[in-house]
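Contents: one structure, followed by commentary.
The values are calculated or read from the model by the stated rules, or taken from the named source; none is laboratory data. The shown structure was predicted, so the numbers you read here are calculated from the model rather than taken from an experiment. No Cβ is skipped: glycine too gets one built from the backbone with ideal geometry, and neighbour counts run over all protein chains shown.
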Amino acid sequence: MNFKAIVFSCVALWGATAAVAQTPVYLDDSKPIDQRVEDALSRMSLKEKIAILHAQSKFSAPGVPSLGIPDLWTDDGPMGVRPEVLWDEWDQAGWTNDSCTAFPSLTCLAATWNPEMATLYGKSIGEEARYRNKSVLLGPGVNIYRTPLNGRNFEYMGEDPYLAAQMAADYVRGVQSNGVAVCVKHFALNNHESNRYTTNSIAGDRALYEIYLPAFKAACVDAGAWSLMGGYNLVNGQHATYNQRLVNEILKGEWNWDGAVISDWGAVHDTKQAVEGGLDMEFGTGTDGLTGSGNSYDKYWLANKYYDGVRDGIYSEEQLNDKVRRVLRLNMRTAMNRNRPWGSINSPEHHQACRTIGEEGVVLLKNTDKILPIATDKVKRIAVIGENGIKRMTVGGGSSSLKAQYEIHPLEGLQNRFGNDVEIVYERGYVGDTVTYYNNVWTKQDLRDPRSAEQLVADAVNAAKDADLVLFFGGLNKAYHQDSEGTDRESMDLPYGQNELIEALVAVNPNIVVVNISGTGVAMPWLDKVKAVIQGWYLGNETGNTLAAILAGDVNPSGKLPYTYYASLDQCGAHKLGEYPGTPRHDPIEGDIIDMHYNDDIFVGYRFTEKNKIKPTFPFGHGLSYTTFEYGKATIDRKKGTADDVFTVTIPVTNTGDREGSEIVQLYVSDLKSSLPRPVKELKGFSKVRLAPGQTENVSFEISRDALSYFDDKAHDWVVEPGKFEALVGASAGDIRSKVSFEVQ
Ligand code: BGC
């Protein structure tokens, strides 16, 4: 080698070393994320920018290969990580390593009224998503329970904005601690499933800000959700997914939120509207990659059409860059985060989390003659009746359908718990849903039954006759028109002749306990004739063991209802005052749509029943225990050291029974005189306290400005009016134990 060559090699080597030493800013995770985003953005071509804004398969969007930015993988959500589907189709891919832990339904989580359960839930499901290498988990669902008919109530957190907000925020924090983004859904006013693509939800600002937005705000602003999914519906005439008001003005404007807005799957219908309405990523547009000519994903509204529009100057590059920044930020927070933990799946900890959350969420609605817990010294023969005693519920219901690693149904749970101590006979009583495959996932059971309906009832009655105790496991399931996406229920009645069956059982045996498996309220015309009722939700893998532990008294029930249990639909404002399921109309831009006026306004759930002095079957917040709690007298103090109107309410609560238990103490606030109509009272605090027999705890709540204000739609601001208020503390909205008034100056 001559001298020149040696010098050249040295220089080349120095150059290479320098290149290695200099990590590009966008890859340098010691740098602030926005700096990294700007750097990545500056290196991307127009084509690359457009590419990351839309799907490349059913659940993934491409990264930026030239920069080594990985693809972004999403997956449902919200109660377990969905099994892999084919690249271009909804059917399962048939993998053998994608089974998951199925956690309890989100209504059950809300029924725990315990934010620690929300953290545990989020952390656990986030670990499963991370293990499966998903960057975005499509959940939680936080739409308000406006009608008991909504097919997706089980994916949401009940009727009260305060409760839903507290639970949603901790779910979000739990998931995102894994470097996995939540995608909080479905923004907004998406409160039923019938006509879900064409419903135009029309609501005023008070309803929007006081009822329908707080859980989204808590998830996005307080907990910092990294992405959000727009709903299929329209809101005040414009599609929710790219609604000027909702997305641009409120979410990205007033809330100054820096996450990415993801469309629901197939919710985009127009390039201009989507671009200008604040949508950042498009998924699921009604085309499968394999159909038609060319790559169907290029035909998405935010694909070639958007590229052409930017190139031709119809859409600005600045507007495009805002979307790209949001998607890059999402990617850096998740897929590109080298420090995120590895996650885990189907671990004993996750199965235990499923059980713990379920045990805290199950609600004992009625318990006459202390028939529960089951007295094994007296009960020697139990007749278990009802299809839900043996039905596996983790499969079905739409996008939340799962491939659970295992699922213990109630009968198995009872057999595990009672073993040989008690004779257990089973009769089905009716045939409901016998589906064996859902999106190619096998339920692992064949529920077909050759018997006639009459024979099934006769066999059930026969089994019940000689039993010491009848446990009826009924309710709904995940079939269409039940607890299922895409359709609403057709009435509040139990399907498949269950009411008649219960009446027939009651006629031969008065010792009957009904365990209602559903994610929403059902009519209970037989309520006075049965001894006990349990709201059993959908409890995931550990369903049977969870319910057996409650029935046996190994666990003292402590869940409370996250929604009002109506006796009939006309107790519910959406039905009494509304136009459910809406009025069809032809819109010059959107075509045939269905107007749904939210005439119930802010009076949703107990806010409606209390205003109209309606007595529901069970009030919001109701739930019993195997022990009893006594509430003392509430006292109130102006909080020391605060100039503002901040108060502390304190109440002693004592366990007066003979076993340990948890009580959910609820604080409601009532504005005694206000310029605008306000609910009789509103939930503004809750605390779950565990007490040993005889133990007393002073439970305290803080009442600050947030708890006193209402949204003044004319002033477009939250307002606290001076004057008299009342703090009401109780065991449910219908069971106030102590009140104390106070004056706001
Ligand atoms: C549902 C979403 C879901 C998406 C992807 C849609 O039909 O509305 O909640 O995340 O599908 O499966």
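Considering only residues in the range 384-426 that are part of a loop (DSSP other than H, G, I, E, B) and among the β-branched types (Val, Ile, Thr), the one that is farthest from the ligand (Cβ to nearest atom) turns out to be VAL422.
When the range 700-738 is limited to residues that are of a type in the set (D, E, K, R) and surrounded by fewer than 16 Cβ atoms within 10 Å (Cβ to Cβ), the one that is nearest to the chain's Cα centre (by Cα) turns out to be ASP706. None of TYR315, TYR306 is buried (at least 17 other Cβ atoms within 10 Å of the Cβ), of a type in the set (Ser, Thr, Tyr) and part of a loop (DSSP other than H, G, I, E, B) except TYR315.
Would you check if GLY621 is under 27 Å from GLY694 (Cβ atoms) and assigned by TED's automatic domain parsing to the domain that holds SER738? Judged against the criteria, GLY621 is not a match. Scan the range 256-267 for residues that are more than 14 Å from the ligand (Cβ to nearest atom) and either assigned to a loop (DSSP other than H, G, I, E, B) or over 22 Å from LEU137 (Cα atoms) (or both) and the total you get is 4.
The rows are residues; the columns are (1) assigned to a helix (DSSP H, G or I); (2) among the aliphatic types (A, V, I, L, M); (3) surrounded by fewer than 18 Cβ atoms within 10 Å (Cβ to Cβ).
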position: ARG325; (1), (2), (3): yes, no, no
position: LEU328; (1), (2), (3): yes, yes, no
position: MET336; (1), (2), (3): no, yes, no
position: PRO341; (1), (2), (3): no, no, yes
position: SER344; (1), (2), (3): no, no, yes
position: GLN352; (1), (2), (3): yes, no, yes
position: GLY358; (1), (2), (3): yes, no, no
position: LEU364; (1), (2), (3): no, yes, no
position: ASP369; (1), (2), (3): yes, no, yes
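If you go through the range 336-344 one residue at a time, do you hit one that is among the hydroxyl-bearing types (Ser, Thr, Tyr) and either in contact with an Asp or Glu (Cβ under 7 Å, 6 or more places away or on another chain) or outside the structural domain of ALA129 (by TED's automatic domain parsing) (or both)? Checking the range 336-344: at least one residue is among the hydroxyl-bearing types (Ser, Thr, Tyr) and either in contact with an Asp or Glu (Cβ under 7 Å, 6 or more places away or on another chain) or outside the structural domain of ALA129 (by TED's automatic domain parsing) (or both). Residues that are out of contact with any Pro (no Cβ under 9 Å at 6 or more places or on another chain), within 16 Å of the ligand (Cβ to nearest atom) and more than 14 Å from SER401 (Cβ to Cβ) within the range 60-108 comprise SER60, ALA61, TRP73, THR74, LEU86, TRP87, ASP88, GLU89, listed in sequence order.
Where strands (runs of 3 or more DSSP E) sit wholly within the range 545-658, those with at least 3 residues that are buried (at least 23 other Cβ atoms within 10 Å of the Cβ) occupy 647-655.
Residues of the range 484-496 that are crowded, with 18+ Cβ neighbours inside 10 Å and under 14 Å from TRP526 (Cβ atoms): MET492, LEU494. Taking every residue in the range 480-509 that is at pLDDT 95 or above and within 16 Å of the ligand (Cβ to nearest atom) and pairing it with any residue that is part of a loop (DSSP other than H, G, I, E, B) and β-branched (Val, Ile, Thr), at least 6 positions away or on another chain, the pairs with Cβ-Cβ distances below 8 Å are TYR480/THR487; ASP483/THR520; ASP488/THR147. Evaluation of ASP270 against the conditions (1) among the acidic types (Asp, Glu); (2) over 22 Å from ASP595 (Cβ atoms); (3) away from the ligand (no atom under 16 Å from the Cβ) shows that the sole unmet condition is (2).
So, LEU402, is that one closer than 29 Å to GLY94 by Cβ and within 22 Å of the chain's Cα centre (by Cα) or not? Can you show your working first?
On the way: closer than 29 Å to GLY94 by Cβ: yes; within 22 Å of the chain's Cα centre (by Cα): yes.
Here the answer is yes, as LEU402 does meet what is asked.
Out of ASN256, ASN248, one residue alone is polar (S, T, N, Q), farther than 20 Å from ALA218 by Cβ and surrounded by fewer than 19 Cβ atoms within 10 Å (Cβ to Cβ). It is ASN248. Of note, TYR668 does not satisfy the criterion of being part of a loop (DSSP other than H, G, I, E, B) and among the hydroxyl-bearing types (Ser, Thr, Tyr).
The residue that is surrounded by the fewest Cβ atoms within 10 Å (Cβ to Cβ), among those in the range 400-429 that are of a type outside the set (A, V, I, L, M, F, W, C) and over 19 Å from ASN541 (Cβ atoms), is ASN420.
I need the full set of residues from the range 208-240 which are under 29 Å from LYS123 (Cβ atoms) and touching a strand residue (DSSP E or B) at 6+ places or on another chain (Cβ under 7 Å), in order please.
Narrowing the range 208-240 to residues under 29 Å from LYS123 (Cβ atoms): 211-231.
Residues satisfying the conditions are PHE216, ALA219, CYS220, ALA225, TRP226, SER227, LEU228, MET229, GLY230, GLY231.
Checking each residue in the range 288-303 for being modelled with pLDDT of 95 or more and either exposed (fewer than 13 other Cβ atoms within 10 Å of the Cβ) or not aromatic (Phe, Trp, Tyr) (or both) picks out LEU302, ALA303.
The set of residues in the range 498-513 that are out of contact with any Lys or Arg (no Cβ under 9 Å at 6 or more places or on another chain) and of a type in the set (Val, Ile, Thr) is empty. If you go through the range 452-483 and keep only what is in a helix (DSSP H, G or I) and exposed (fewer than 14 other Cβ atoms within 10 Å of the Cβ), you end up with GLU454, GLN455, ASN462, LYS465. For LEU251, the stated conditions do not hold, so it cannot be described as part of a strand (DSSP E or B), in contact with a Phe, Trp or Tyr (Cβ under 6 Å, 6 or more places away or on another chain) and aliphatic (A, V, I, L, M). Considering each residue of the range 431-451 in turn, none proves to be assigned to a helix (DSSP H, G or I) and more than 16 Å from the ligand (Cβ to nearest atom).
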